[in-house]
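First the structure, in the form of structure tokens, and then the observations on it.
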Amino acid sequence: MRILNASGCLDALAAPEVAAQLDAFVTKTVTPLPREGSAPPRIAETAHGMLNAIGLANPGRERFLAEHLPKLSLLGVPIWVSVGGFTAADYAETCSALDRSEAAVIELNLSCPNVDEAADSAAEIVAACRSATELPLYAKLSAAHPDIAEVARAVAAAGADGLSLVNTLRAVALDRRLRPVLARGSGGLSGPALKPVALYAVSVCHEATSLPIVGMGGIESGRDALEFVACGARDVALGTVLFADPGAPVRVRAELAAACTEAGVASADDARGLAKSPETEAKVSA
Amino acid sequence: MQRLGSPSRHRVTGSERIGPYTLLRLERGGLDPGVPGQFFLLQAPGRLLPRPFSLCLAPPGELAFLVDPIGPGTQALCELRAGEEIGVLGPLGHGYRLDVPRPLLVGGGIGIAPLPYLAEQLGGSPPVVLGFRSAEYAEAAVLLPGAEIVVDPVLVTELIDPDRDVLACGPEPMLHALAELCPTAQLAWEARMACGYGACYGCVVEIDGALKRLCLEGPVLDAARVRVPAEAVA
């Protein structure tokens with residue numbers, strides 16, 4: 001089980017000592033053109049979670065490739081580049097440009113604003129990227145889809161090499177005067193409030209495909225990470241917890257052994273897929 | 001800057017009310033008090049995200065923070081009692097430059113928080129001007145003996161000698177007015193912040209004409225770097 005960061009939850013150039021604790025660093029989503037992002041306020045704390053509406057702030061593909069990626073590659077950690085866009089061609093062009101770069105893996109952010117999240121659209125993007133690069137492609141999906149397993153099967157058929165589960169969920173928080181806290185109105189919900197939703201998504205996608213899964217959504221402890229593995233994740237990513245604890249990757253890894261002992265498994269990898277639901281058992285026996 | 005890792009745990013040594021605010025004292029442990037105007041992240045009991053505070057006082061062996069209970073996180077911090085422990089990370093960000101020949105410290109409301117430590121580090125009892133919304137809030141001026149105090153509707157800007165090197169912290173309208181009055185002022189800004197080290201991109205402010213992260217660029221910025229909105233000038 002490797003520990004990554006969730007895309008958009010760490011700037012490895014601003015905090016290299018945090019990135020160095022990870023088994024791979026996932027960049028903030030890169031779009032074809034530079035984006036300044038949303039106006040502030042961009043974040044709001046909620047019960048057991050937080051909302052963010054950063055708005056995919058990033059330097060754009062050209063500057064990312066020329067200035068950021070070469071510096072990131074010096075960190076000594078494999079670099080996963082998160083790619084976003086508004087059309088399948090946007091994604092494919094960035095993948096093609098990354099094909100000859102220092103990137104180890106491409107994560108396709110298929111939960112961007114203005115991107116249709118229907119199963120065929122996600123698959124269409126993956127298919128376009130598949131023909132643009134030989135790098136491993138991880139499809140990052142949102143649990144907002146009514147049948148995430150169907151999306152997982154579709155992206156697997158289109159050539160994805162893995163799944164990143166899950167992205168944040170659209171949500172809103174109100175201030176004292178009953179207006180949205182975030183300038184953009186809505187934002188993405190992350191943190192412990194998202195964990196049960198994410199565990200379910202990992203579980204059903206693990207059952208639906210044989211793709212390796214990076215599980216994420218509210219992981220705060222070694223025990224949380226182990227639960228994602230038990231639902232079928234091969235690796236895990238830390239997001240919101242990094243904001244409160246920049247030492248979280250080291251801490252979570254250290255807590256894992258005790259969590260395994262308590263759960264009665266020899267190692268995290270031995271726990272993979274243990275959490276079969278009665279639903280699944282019923283399907284299997286039927 | 002502190003090397004980034006898990007926050008260290010610090011015992012509360014005391015908590016005292018000063019007007020509507022609470023001065024929270026913590027054991028210093030191995031933390032560096034840093035440069036005045038830098039900030040620390042304090043873990044608020046029961047909350048997911050820490051809260052950023054500039055250091056108010058650095059008594060021997062302690063770090064003291066002035067907390068205004070404006071929401072659930074700050075309220076939880078105000079309710080801490082001696083002996084309880086919280087996580088602390090810092091110092092983070094950029095503080096005030098202290099190499100100024102004629103300093104004048106200006107604070108508004110809870111913005112007085114970094115000034116006692118700033119005055120101590122500057123030495124030589126620099127002049128201080130403080131503005132508060134009411135007499136109750138003005139009780140906090142006890143932290144800066146000898147300060148000139150104004151209470152709403154009188155504004156601190158009415159007492160400013162623009163030839164002085166202004167070092168200020170306070171509400172945005174006050175900072176905007178000071179930026180107009182003293183273009184060389186050093187101003188400490190505030191923003192909603194999740195991480196304090198550039199990870200969350202939440203705390204952006206328009207700096208040098210673009211949205212930039214206040215935690216990395218500031219929180220203390222030269223007045224000319226932040227655009228003053230037209231409505232603030234009028």
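Scan the stretch B:156-165 and tell me whether some residue there is buried (at least 19 other Cβ atoms within 10 Å of the Cβ), at pLDDT 95 or above and in contact with a Gly (Cβ under 9 Å, 6 or more places away or on another chain).
For the stretch B:156-165, residues buried (at least 19 other Cβ atoms within 10 Å of the Cβ), at pLDDT 95 or above and in contact with a Gly (Cβ under 9 Å, 6 or more places away or on another chain): absent.
One residue is enough: does the stretch B:210-225 have a residue meeting the conditions under 27 Å from A:Thr29 (Cβ atoms), of a type in the set (Asp, Glu) and not assigned by TED's automatic domain parsing to the domain that holds B:Phe40?
Scanning the stretch B:210-225 turns up at least one residue that is under 27 Å from A:Thr29 (Cβ atoms), of a type in the set (Asp, Glu) and not assigned by TED's automatic domain parsing to the domain that holds B:Phe40.
If you take the residues of the stretch B:176-212 that are under 21 Å from B:Pro7 (Cβ atoms), aliphatic (A, V, I, L, M) and crowded, with 20+ Cβ neighbours inside 10 Å, which of them is farthest from the other protein chains (Cβ to nearest Cβ)?
In the first step, residues of the stretch B:176-212 are kept if they are under 21 Å from B:Pro7 (Cβ atoms); the result is B:190-203.
Next cut, aliphatic (A, V, I, L, M) only: B:191, B:193-194, B:199.
After this cut, where a residue has to be crowded, with 20+ Cβ neighbours inside 10 Å as well, the list is B:193-194, B:199.
Values: B:Met193: 8, B:Ala194: 4, B:Ala199: 5 Å.
Out of the qualifying residues, it is B:Met193.
Does at least one position in the stretch A:72-84 carry a residue that is among the small types (Gly, Ala, Ser), in contact with a strand residue (DSSP E or B) (Cβ under 9 Å, 6 or more places away or on another chain) and more than 14 Å from chain B (Cβ to nearest Cβ)?
Going residue by residue through the stretch A:72-84, those that are among the small types (Gly, Ala, Ser) are A:73, A:76, A:82, A:84.
Those left that are additionally in contact with a strand residue (DSSP E or B) (Cβ under 9 Å, 6 or more places away or on another chain): A:73, A:82, A:84.
Imposing the further condition that a residue be more than 14 Å from chain B (Cβ to nearest Cβ) reduces the set to A:73, A:84.
Among the residues of the stretch A:72-84, at least one is among the small types (Gly, Ala, Ser), in contact with a strand residue (DSSP E or B) (Cβ under 9 Å, 6 or more places away or on another chain) and more than 14 Å from chain B (Cβ to nearest Cβ), which makes the answer yes.
Considering each of A:Ala233, A:Ala225 in turn, give the residue that is assigned to a loop (DSSP other than H, G, I, E, B) and buried (at least 24 other Cβ atoms within 10 Å of the Cβ).
Values: A:Ala225 fails: assigned to a loop (DSSP other than H, G, I, E, B).
One residue alone meets the criteria, A:Ala233.
Going by what's in this entry, would B:Ala194 be described as at negative phi, within 20 Å of the chain's Cα centre (by Cα) and assigned to a loop (DSSP other than H, G, I, E, B)?
Values: at negative phi: yes; within 20 Å of the chain's Cα centre (by Cα): yes; assigned to a loop (DSSP other than H, G, I, E, B): yes.
Answer is yes for this residue.
Looking for something in a strand (DSSP E or B), out of contact with any His (no Cβ under 6 Å at 6 or more places or on another chain) and touching a residue at least 40 places away in the same chain (Cβ under 8 Å) - is there at least one such residue anywhere in the stretch A:191-208?
Step one: of the stretch A:191-208, the residues in a strand (DSSP E or B) are none.
No, because not a single residue in the stretch A:191-208 is in a strand (DSSP E or B), out of contact with any His (no Cβ under 6 Å at 6 or more places or on another chain) and touching a residue at least 40 places away in the same chain (Cβ under 8 Å).
When B:Leu49 is evaluated against the numbered criteria (1) in contact (Cβ under 8 Å) with a residue 60 or more places away in the chain; (2) away from chain A (no Cβ under 14 Å), which criterion, by number, is the only one it fails?
(2)
With (1) small (Gly, Ala, Ser); (2) in a loop (DSSP other than H, G, I, E, B); (3) touching a strand residue (DSSP E or B) at 6+ places or on another chain (Cβ under 6 Å); (4) in contact (Cβ under 8 Å) with a residue 12 or more places away in the chain as the list, and B:Gly202 as the residue in question, which single condition is left unmet?
Condition not satisfied by B:Gly202: (4).
Which of the strands (runs of 3 or more DSSP E) contained wholly in the stretch B:32-114 include at least 2 residues that are of a type in the set (Gly, Ala, Ser) and closer than 30 Å to B:Leu181 by Cβ? Walk me through it before giving the result.
Details: elements: B:39-42, B:51-54, B:62-67, B:85-92, B:103-108.
Strands (runs of 3 or more DSSP E) meeting the threshold: B:103-108.
Can you find a residue in the stretch B:213-234 that is out of contact with any strand residue (DSSP E or B) (no Cβ under 7 Å at 6 or more places or on another chain), within 14 Å of chain A (Cβ to nearest Cβ) and either under 21 Å from B:Val35 (Cβ atoms) or assigned to a loop (DSSP other than H, G, I, E, B) (or both)?
As a first pass, look at the stretch B:213-234 and keep what is out of contact with any strand residue (DSSP E or B) (no Cβ under 7 Å at 6 or more places or on another chain): B:216, B:224, B:228-234.
Filter once more, keeping what is within 14 Å of chain A (Cβ to nearest Cβ): B:216, B:229.
If we keep only those that are either under 21 Å from B:Val35 (Cβ atoms) or assigned to a loop (DSSP other than H, G, I, E, B) (or both) as well, we get B:216, B:229.
Among the residues of the stretch B:213-234, at least one is out of contact with any strand residue (DSSP E or B) (no Cβ under 7 Å at 6 or more places or on another chain), within 14 Å of chain A (Cβ to nearest Cβ) and either under 21 Å from B:Val35 (Cβ atoms) or assigned to a loop (DSSP other than H, G, I, E, B) (or both), which makes the answer yes.
Quick one: in the stretch B:220-234, which of the residues that are closer than 13 Å to B:Glu206 by Cβ and not hydrophobic (A, V, I, L, M, F, W, C) is modelled with the highest pLDDT?
Once the filter is applied, the top-ranked residue is B:Arg225.
Just checking, how many residues over the stretch A:9-39 are touching a residue at least 40 places away in the same chain (Cβ under 8 Å), buried (at least 17 other Cβ atoms within 10 Å of the Cβ) and part of a loop (DSSP other than H, G, I, E, B)?
12
Residues of the stretch B:129-186 being within 20 Å of the chain's Cα centre (by Cα) and acidic (Asp, Glu), which ones?
B:Glu136, B:Glu139, B:Glu148, B:Asp165, B:Glu172
The values are calculated or read from the model by the stated rules, or taken from the named source; none is laboratory data. Note that this is a predicted model, so its numbers are computed, not measured. Quick reminder, even Gly has a Cβ in these numbers, built from the backbone with ideal geometry, and neighbours come from all protein chains shown.
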